[in-house]
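**Q** Input: one structure, supplied below.
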Amino acid sequence: MSTIPSRSELSELALDTARRCGVDVGSLTGDVTASSPVNGLPVASLTWRDPAYVDEAVTRAGEAFRAWQRVPAPQRGALVKRWAELLTEHRDDLATLVSIEAGKITSEARGEIQEMIDICDFAVGLSRQLYGRTMPSERPGHRLMETWHPLGVVGVISAFNFPAAVWSWNTAIALVCGDPVVWKPSELTPLTSLACHAVLAQAIAEHGAPEALSQVILGGPEVGRALVDHDGVALLSATGSTRMGRAVGPRVAERFGRSLLELGGNNAAVVTGSADLDLAVRGIVFAAAGTAGQRCTTMRRVIAHTSVVDELTDRLAAAYDRLPVGNPLAAGTLVGPLIGGAAYDAMTGAVAAAVGDGGVLVAGGGRVHEELAPEAFYVRPAIVRTDRQTAVVARETFAPLLYVLPYDDFEAAIELNNAVPQGLSSSVFTSDLAEAELFLSAEGSDCGIANVNIGTSGAEIGGAFGGEKQTGGGRESGSDAWRAYMRRATNTINFSGELPLAQGVDFTV
Ligand code: UN1
């Protein structure tokens, strides 16, 4: 594969690109180093905010809320419309930053920015469709209805692997719902977050909306904690590990805040005896090895019928052998680097544990390009064939490691699909209508996402995104996920001139 860019090449590219997006690159100084997984070397120096700053930011956001909640929702949508235009102008620049900081290949990085533009489009339409219901009142001359109002300040904590899109899913919806956003991005992707914020800041300024509608705070875990604990944050939307969610959820609940958690996944595909194997192989390879296995929706398990499991494993292993692993900015690369050494250690540890449990490594697993980029962690995506869903298989290892398990009976396959603590995404490859329907039914997959004849990752923005069990239960993005960003008021209006009480209660004085 091609060479890996040098420290100065990548750093210059990152800073020029950030500048074009509106970041004041000259002011980037400090003792915190931002590095790239592409070469494992520093790209910029910057400063982290201390936790006390969170209070200032949330206070400013609260002031912005008071003004913004009075702006009619379709006018709020006009701001998001302009944001989408600017994102379209800066698509390639933002994608370049995503590649540099998250290690995504160009096509997937562009896809991430497209996802931002798509959610903006969705939010603009939504700004005229924040519907409440009317219900028949049991009393004559009464009307019963619900109204949706802006909720308040939304705190967003996002992860390195979708450094731009996850924030935008929250922010586009929050803005049309009337809520300002305070964002604590991943420590690993600061330039991407500054650039994303700068583009939105331009739209906000042009619109004449309050500047504090969007704020980004670079900082460490203590900044995240301050956001989680702040009473002024009405909704805390956090994407990351189950461990992080376990810390965040109870803290927000303790102060009666709302949380929206999008945590780990351990996503499987069931491949039945009637599946189109060409389709299955393509779907599995993208979902399991794409993004170097670092999506929360990445496919981590294949549960294949005994009649196809050998052929499928051979074909997957052959496809894995052909995967071009290397510089994500170079044309032709399909698998970029892992985010860092800890991910590499987790992957090799999981492979060793699975092999120790009797699994067989049938593809990949080794580190590559070590001589070109000793500080970076490129690996060949791995497949382990195993007969049992052992403890390591039930864990989420955030790396391109796919377990292939056999099954005999379709109900047992569904049980295996569900027998993990996480419940984000799932799919079935089958030509049998009854199997497909069973998989999607109440007795089928227990995940928030259940697909037929496509992989587990790469969801469109139009659906509600999220999952059950240790995935955290939150839903973001499309469908009616907007309701989490608003508060509901139930209204009873009496135009009868009498005062009949509900439930027929008599209280005549
Ligand atoms: C994530 O990995 O946190 O469905 C989000 C997908 C993307 C979003 C993934 N649309 O793979």
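**Q** List every residue pair whose Cβ atoms sit under 8 Å apart, with the two residues 6 or more apart in sequence or on different chains, where the first one lies in the stretch 153-175 and is of a type in the set (F, W, Y) and the second, anywhere, is modelled with pLDDT of 95 or more and assigned to a strand (DSSP E or B).
**A** Note: pairs meeting the criteria are F162/T239; W167/V156; W167/V181; W167/W183; W169/F465; W169/E476; W169/S477.
**Q** A follow-up question, please. When you go through (1) more than 16 Å from the ligand (Cβ to nearest atom); (2) without any contact (Cβ under 8 Å) to a residue 40 or more places away in the chain; (3) polar (S, T, N, Q) one by one for N491, which number turns out not to apply?
**A** Answer for N491: the failing condition is (2).
**Q** Another question about this same structure. Taking the stretch 453-466 on its own, how many of its residues are within 11 Å of the ligand (Cβ to nearest atom) and either crowded, with 22+ Cβ neighbours inside 10 Å or in a strand (DSSP E or B) (or both)?
**A** Counting residues in the stretch 453-466 that are within 11 Å of the ligand (Cβ to nearest atom) and either crowded, with 22+ Cβ neighbours inside 10 Å or in a strand (DSSP E or B) (or both) gives 6.
**Q** Which residues, counting only those in the stretch 305-314, are touching an Asp or Glu at 6+ places or on another chain (Cβ under 9 Å) and either acidic (D, E) or outside any loop (DSSP other than H, G, I, E, B) (or both)?
**A** H305
**Q** Only residues that are among the charged types (D, E, K, R), out of contact with any helix residue (DSSP H, G or I) (no Cβ under 8 Å at 6 or more places or on another chain) and assigned to a helix (DSSP H, G or I): list them for the stretch 18-50, please.
**A** Selection gives nothing.
**Q** Could you say whether any residue in the stretch 315-335 is under 23 Å from the mean Cα position of the chain (by Cα), of a type in the set (V, I, T) and either within 16 Å of the ligand (Cβ to nearest atom) or assigned to a strand (DSSP E or B) (or both)?
**A** Yes, because at least one residue in the stretch 315-335 is under 23 Å from the mean Cα position of the chain (by Cα), of a type in the set (V, I, T) and either within 16 Å of the ligand (Cβ to nearest atom) or assigned to a strand (DSSP E or B) (or both).
**Q** Continuing with this model, one more query. Just wondering, is there one or more residues in the stretch 424-441 that are modelled with pLDDT of 95 or more, surrounded by fewer than 17 Cβ atoms within 10 Å (Cβ to Cβ) and within 16 Å of the ligand (Cβ to nearest atom)?
**A** No: zero hits.
**Q** Related question: Go over the candidates V223, V233, V182 one by one and state the one that is touching a residue at least 24 places away in the same chain (Cβ under 8 Å) and either closer than 26 Å to V38 by Cα or touching a Phe, Trp or Tyr at 6+ places or on another chain (Cβ under 9 Å) (or both).
**A** Only one candidate passes the filter, namely V223.
**Q** Quick one: which residue in R76, R70 is farther than 28 Å from A373 by Cα, in contact (Cβ under 8 Å) with a residue 60 or more places away in the chain and either touching a helix residue (DSSP H, G or I) at 6+ places or on another chain (Cβ under 6 Å) or part of a loop (DSSP other than H, G, I, E, B) (or both)?
**A** The conditions single out R76.
The values are calculated or read from the model by the stated rules, or taken from the named source; none is laboratory data. Predicted model only: the values in this text are computed from it and were never measured. Cβ coordinates were reconstructed from backbone atoms using ideal geometry, including for glycine residues, and neighbour counts include every protein chain displayed.
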